[in-house]
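Reading through the structure tokens given below for one structure.
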Amino acid sequence: MIKILVVYASDHGSVEKMAKSLVEGVKAVPDCEAVLKKAEDAKMDDLVSCDALVLGSPVHMGSIDWRVKKFIDTVCSGAWMQDKIVGKVGAVFASGAGYGGGGGGCELTMLALLNNLVELGLIIVPLPKSTPGYHAAGLQWGPYGRAHADDLSPKGLSDDQLVSSHHHGKHIARAAKALRGSAIFG
């Protein structure tokens, strides 16, 4: 069974909704399962036993949520020191707000998350523009949710915004399944 670990933090529930949609996408692929963990609950054993690591974060001042960053600094750094997860699959997603019509800081947040996954030696799964739902909530780095109105009041995510998360889960599961057992880096 292919195991996808989804580690996330959520403030107003949007990242959690995206994570659950992504998990449903993973489960739609035969012989794949997803483990959903809040960043503060994920441990080294979770990392070592997974075939793919997916990080999800709300945007905080244009960057990663502190809980996800703490997971990276305290758990992932140990895996990095020992090369414990090199060659596994990695992916990201984010939810933000902010003024203007952009992604509310999601692009920079996802790039920061991806930087950490690449540092760990993971093989990154992007979000192709042909992915269903991309038009409503997609960037090449991964799905994103704009969860606040123009006045920054929380509005939540629409069902349309969750479609890309679901399909990203499928992409990640298929990639992990294809790579399992191959000796890409050793």
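Quick note: the coordinates plus some simple rules give every number you see, no bench work behind them. The structure presented is a predicted model; accordingly, all values stated were derived computationally and were not measured. Cβ placement follows ideal geometry from the backbone for every residue including glycine, while neighbour counts extend to all protein chains displayed.
If a helix is a whole DSSP H run, which ones in the chain reach 15 Å or further along their own axis (Cα) and hold a mean Kyte-Doolittle hydropathy of at least 0.0?
On the way: long enough: 14-27 (20 Å, -0.04); 106-119 (20 Å, 1.05); 159-179 (31 Å, -0.67).
Sorted by number, the helices that extend far enough and score high enough are 106-119.
Would you mind ranking Lys17, Lys88 so that the residue whose beta carbon has the fewest other beta carbons within 10 Å leads the list? Could the numbers behind the result be given before it?
On the way: Lys17 20, Lys88 25.
Least to most surrounded, the residues fall as Lys17, Lys88.
Please rank Ser165, Ser158, fewest neighbouring Cβ atoms within 10 Å first, as an exposure proxy. Kindly include the intermediate steps, with their values, before the conclusion.
Values: Ser165 31, Ser158 13.
With the sparsest Cβ surroundings first, the list reads Ser158, Ser165.
For Cα pairs less than 8 Å apart in space and 6+ apart in sequence, what is the mean separation divided by the residue count of the chain, i.e. the relative contact order in percent?
Relative contact order of the chain: 27 percent.
Once amide H atoms are placed 1.01 Å from N in the peptide plane, what residues at a sequence separation of 5 or more from Leu139, or on another chain, have their amide H within under 5 Å of its amide H?
Here the answer is Tyr144, since their amide H atoms fall under 5 Å of that of Leu139.
Based only on other Cβ atoms within 10 Å, what is the fewest-to-most ordering of Ile123, Ile64?
So the residues, fewest neighbours to most, are Ile123, Ile64.
Where both partners of a DSSP beta bridge lie in region 2-179, what percent of those bridges are antiparallel, to the nearest 5?
Restricted to region 2-179, the bridges split so that about 15 percent are antiparallel.
Among Leu36, Leu114, Leu152, which one moves the most in a GNM of the chain with springs linking Cα atoms closer than 10 Å?
Among Leu36, Leu114, Leu152, the largest mean-square fluctuation in the Gaussian network model of the chain belongs to Leu152.
Residues with beta-carbon under 13 Å from that of Leu120, excluding Leu120: net charge, scoring Lys, Arg +1 and Asp, Glu -1?
-1
Given N residues in region 29-88, what is Rg(Cα) / (2.2 N^0.38 Å)? Each step should come with its number before you reach the end.
Details: Rg = 12.4 Å, N = 60, 2.2 N^0.38 = 10.4 Å.
That works out to 1.19 for region 29-88.
What dipole magnitude, in Debye to the nearest 20, does the chain give about its Cα centre under +1 on Lys/Arg Cβ and -1 on Asp/Glu Cβ? Intermediate results must be reported in sequence, preceding the final value.
Working: 19 positive and 19 negative charges, 77 e Å.
Computed about the Cα centre, the dipole is about 380 debye.
Over the Cα atoms, compute the radius of gyration (one decimal) and Dmax (the largest Cα-Cα distance, rounded to a whole number) for the chain, in Å.
15.2, 51
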